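The values are calculated or read from the model by the stated rules, or taken from the named source; none is laboratory data. What you see is a predicted model; the values in this text were computed from it and never measured. Cβ atoms come from the backbone with ideal geometry, glycine included; neighbour counts cover every protein chain shown. To get the accessible areas, we keep the full protein, side chains included, count just its heavy atoms, and leave off ligands, DNA and RNA. Shrake-Rupley method; radii C 1.70, N 1.55, O 1.52, S 1.80 Å.
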There are 2 protein chains.
Amino acid sequence: MITIYDIAKKANVSAMTVSRVINNNGKISELTRQRVKQVMEELNYVPNSNARSLVLQKTHIISLLITDITNPFYTTLARGAEDTAKRLGYKLLFGNSDENYAKEKDYVDMILSTRVDGVLFAPAGDGSAVHLQQLQKHRIPLVLLDREVPGIQADTVLGDSKEGARRLVEHLLALGHRRIALINGSEDVSTARQRHTGYKEALKLNDIAYDEALVLHANYRDIQDEAALDRLLHLPDPPTAVFAANNFLAIGAIQGLRAQGLRVPDDMSVVCFDDLGLASALHPFLTVAAQPAYQFGSLGMQWLIDRIEGRAQEEPRTIILPSELIVRSSAAARPREGK
Amino acid sequence: MITIYDIAKKANVSAMTVSRVINNNGKISELTRQRVKQVMEELNYVPNSNARSLVLQKTHIISLLITDITNPFYTTLARGAEDTAKRLGYKLLFGNSDENYAKEKDYVDMILSTRVDGVLFAPAGDGSAVHLQQLQKHRIPLVLLDREVPGIQADTVLGDSKEGARRLVEHLLALGHRRIALINGSEDVSTARQRHTGYKEALKLNDIAYDEALVLHANYRDIQDEAALDRLLHLPDPPTAVFAANNFLAIGAIQGLRAQGLRVPDDMSVVCFDDLGLASALHPFLTVAAQPAYQFGSLGMQWLIDRIEGRAQEEPRTIILPSELIVRSSAAARPREGK
DNA sequence: TAAGGTAATGTTATCGATAACTCCAAAATA
DNA sequence: TATTTTGGAGTTATCGATAACATTACCTTA
């Protein structure tokens with residue numbers, strides 16, 4: 001590999017002069033600048049950012065950790081983060097925790113040893129607190145995405161889970177539904193708790209009793225317990241609508257319903273949080289609360305870099321990005337009872 | 001930041017001894033090992049992989065460059081690459097070229113200066129040759145994914161574009177279609193050329209004349225020229241089926257057809273390369289040639305690391321991964337002519 | 001014309017780790 | 001007992017860059 005010393009020797013200058021040409025600082029005569037530049041071209045020189053990082057104590061690398069790379073919400077978020085990082089001169093070190101604390105821990109160790117300049121972190125859940133504390137102990141600039149973690153103070157970019165949930169449920173109520181099931185992510189995750197709260201609030205505001213039997217506790221990747229879904233559907237007083245706490249759960253629910261021979265929305269209405277990407281383009285079917293995923297990533301990255309470069313005030317900021325209710329055809333009016 | 005020197009001082013040993021404990025090599029008495037380890041814990045020491053990389057000339061970072069992070073094919077591929085990299089002890093530096101040579105060039109520069117150990121590269125097209133040559137000039141281990149580039153010799157993981165295209169078209173022919181449109185990606189991309197060839201071969205084998213008017217030249221992200229699609233649909237002898245060269249083009253085509261009031265598959269059959277991820281789970285509709293995207297990533301990563309670690313033979317390997325024809329309902333028998 | 005200024009460049013130390021070599025004392029061997 | 005071996009350390013140079021200071025040579029200006 002070519003180093004500044006190779007360049008220096010061939011151009012008959014000192015390494016420092018080469019460094020000055022590269023960084024375009026210090027006084028240099030036009031003649032030597034040209035000579036050095038020419039030698040750099042000839043030898044195909046590329047600076048070693050490793051060596052530079054070591055002395056500058058800055059890597060220009062930002063780590064992005066998301067929980068599910070196959071979820072369109074997170075890939076769109078990643079795209080926003082990546083675009084903004086690139087625009088501001090940072091590289092992206094990428095990680096995917098699969099909603100799994102052990103994998104998340106491995107990434108945190110890697111992040112620490114890589115000496116990244118900052119971390120964009122979508123936590124797997126409340127259990128991420130230890131990992132986040134570790135990052136903070138090392139004073140690594142941090143922005144949380146999508147989920148808060150109790151006990152962790154940091155810049156945070158959130159969606160309006162409670163409000164969004166409330167609106168989705170009220171949409172179902174307006175269609176006449178009274179028995180509405182909730183298929184939720186793990187209560188270990190802040191968004192799941194807030195969507196649960198929004199669900200309850202909507203019921204309360206409309207004088208409908210909350211029934212724990214209508215709530216299925218799953219996780220954001222899949223329903224897992226198919227039997228529980230079946231039981232829910234065969235309750236004495238079964239639901240006529242389902243609110244799924246995210247896109248994957250909605251897909252899981254629809255597949256489960258299909259397996260039972262139930263049609264959506266004829267036999268069961270379904271709504272959910274997060275849009276589906278391509279699926280919605282192909283078949284604008286599912287009524288959703290769509291979150292501005294790209295903005296989660298781009299704003300989070302912007303905030304992080306502000307902090308890295310000392311442009312942020314001391315205390316952490318939090319923003320709640322609104323979601324948009326997109327009414328399509330997966331939720332319909334409640335069928336008349338055959339009484 | 002804590003360094004081995006801090007540890008060394010506090011443990012009353014030399015830095016070298018600390019290094020030996022960290023790397024678990026060299027002779028060390030159990031006593032000092034324990035003492036050093038304890039001090040490392042106390043001070044929350046994390047090795048600086050930057051410094052280590054500089055002396056070892058190895059970063060344990062692999063760069064993954066894909067062309068579209070919003071395409072489920074590439075995200076699934078990325079997941080495969082990421083899982084395998086993690087399993088084998090490498091970190092992933094991530095890039096998204098957006099099918100754009102300028103962005104791709106920026107990433108290549110970044111890759112070079114980061115001194116990554118290897119590159120997993122999904123090229124934007126034939127114009128990527130200059131970038132790939134640059135990587136090869138610097139002797140960076142390289143594996144091409146999904147697309148070949150004329151003039152570049154490297155390990156390559158490909159799909160069976162020609163064969164897959166042939167089978168999709170023959171599926172349409174078997175359904176009675178005789179006028180089959182092709183909506184193709186840029187001919188600057190090897191897979192688009194091969195899918196075009198497969199399309200022609202299928203026609204030829206079935207004694208159907210190739211009609212250039214039925215071929216729409218777009219790119220893999222979108223159809224761009226909507227007017228061209230309209231013209232194609234209003235040909236004197238219009239197509240009864242469309243073969244879209246990838247998933248995005250299929251979605252674009254279906255949207256275009258819908259805008260014209262045409263129903264799929266009643267008025268027009270549609271098939272394409274690459275499955276749709278969530279969309280197919282929600283609504284198993286589009287008949288596709290599904291590629292093993294995860295395997296593209298995991299196998300490519302495996303090959304790359306083999307090469308990095310000197311376990312690969314000299315000459316480049318190429319593998320062609322088969323695709324699977326998944327027949328769903330977007331292609332139907334050709335409607336009878338009203339003659 | 002001597003003292004100081006300045007443009008252009010060079011020297012040395014440093015970032016945090018590791019390789020290669022050196023050193024010393026205790027144990028093994030002749 | 002003298003010599004060699006070896007376990008358990010320490011020293012020094014190095015990776016490739018940059019910061020801080022040092023050094024020229026030439027140019028001003030009182």
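Points worth noting:
- A:Met16 accessible area, 1.4 Å probe, all protein chains in place, Å² to nearest 10: 100 Å²
- Ordering B:Asn206, B:Leu182, B:Tyr220 by the projection of their Cα atoms onto the charge dipole of the range B:161-290, which places +1 on the Cβ of Lys and Arg and -1 on the Cβ of Asp and Glu, puts B:Asn206 at the extreme positive end.
- When both bridge partners sit in the protein assembly as shown, DSSP labels roughly 10% of those beta bridges antiparallel.
- Net charge dipole, the protein assembly as shown: roughly 1820 debye, given to the nearest 20, about the Cα centre with Cβ charges of +1 for Lys and Arg and -1 for Asp and Glu.
- If you wrap the tightest convex hull around every Cα atom of the range B:142-230 and split its volume per residue, you get 108 Å³.
- Between A and B, accessible area buried - total, square angstrom, nearest 100, 1.4 angstrom probe: 5100 Å²
- Rounded to 5, the percent of DSSP beta bridges in chain B classed as antiparallel: 10 percent
- Label distances, nm, B:Ala209 versus same residue in remaining copies, Cβ-directed 7 Å point: 7.6
- For chain A, a Gaussian network of Cα nodes joined below 10 Å ranks A:Leu325, A:Leu54, A:Leu203 by mean-square fluctuation, and the top entry is A:Leu54.
- Chain A - percent relative contact order, Cα under 8 Å, separation 6 or more: 18 percent
- Selection from A:Tyr74, B:Gly118, B:Gly151, by position along the positive dipole direction of the protein assembly as shown (Cβ): B:Gly118
- Projected over all directions and averaged, the alpha-carbon convex hull of the range B:267-322 occupies 5.3 nm².
- Top of B:Ile208, B:Ile62, B:Ile305 by mean-square fluctuation, Gaussian network on chain B, Cα under 10 Å: B:Ile208
- Radius 13 Å from Cβ of B:Asn206, net charge of other residues (Lys, Arg +1; Asp, Glu -1): +3
- Within-13-Å neighbourhood charge of B:Ser298 [Cβ basis; K, R +1; D, E -1]: 0
- Helical runs (DSSP H, four residues minimum) scored at -39500 (n - 2.57) apiece and divided by the length of chain B put the mean residue ellipticity at 222 nm at -13500 deg cm²/dmol.
- Relative to the other identical copies, A:Leu321 shows label-point distances of 3.0 nm, where the label point lies 7 Å from Cα along the Cβ direction and values run shortest first.
- Backbone geometry of the range A:74-82 corresponds, through the Karplus equation with coefficients 6.51, -1.76 and 1.60 at θ = phi - 60°, to 3J(HN,Hα) couplings of 6, 6, 5, 4, 4, 4, x, 5, 5 Hz, x marking Gly and Pro.
- Convex hull per residue volume in Å³, alpha carbons only, for the range B:4-47: 58 Å³
- The three principal axes of the Cα atoms in the range A:193-339 give end-to-end lengths of 66, 36, 28 Å, sorted in falling order.
- Ellipsoid equivalent to the protein assembly as shown - semi-axes via the Cα gyration tensor, in Å: 46, 37, 21
- Rounded accessible area of B:Glu324 (nearest 10 Å², 1.4 Å probe): 110 Å²
- For the set A:Lys103, A:Lys204, solvent exposure ranked by accessible area (probe 1.4 Å, protein chains only) runs largest to smallest as A:Lys204, A:Lys103.
- Inverse of mean 1/r across different Cα pairs in chain B, Kirkwood, Å: 22.6 Å
- Solvent-accessible surface (1.4 angstrom probe) belonging to B:Ser329, in square angstrom, nearest 10: 60 Å²
- Accessible surface, 1.4 Å probe, highest first, among residues A:Arg231, A:Arg79: A:Arg231, A:Arg79
- Given +1 at the Cβ of Lys and Arg, -1 at the Cβ of Asp and Glu and no other charges, the dipole of the range B:175-303 around its Cα centre is 200 debye to the nearest 20.
- Share, in percent, of DSSP beta bridges within the range B:182-339 that are antiparallel, nearest 5: 20 percent
- Counting charges near A:Ala279 (Lys, Arg +1; Asp, Glu -1) among other residues having Cβ under 12 Å from its Cβ returns a value of -2.
- Each part reduced to its alpha carbon centroid, the range A:98-152 and the range B:35-71 end up 16 Å apart.
- Unit charges on C-beta of K, R, D, E only; dipole of chain B, Debye: 1320 debye
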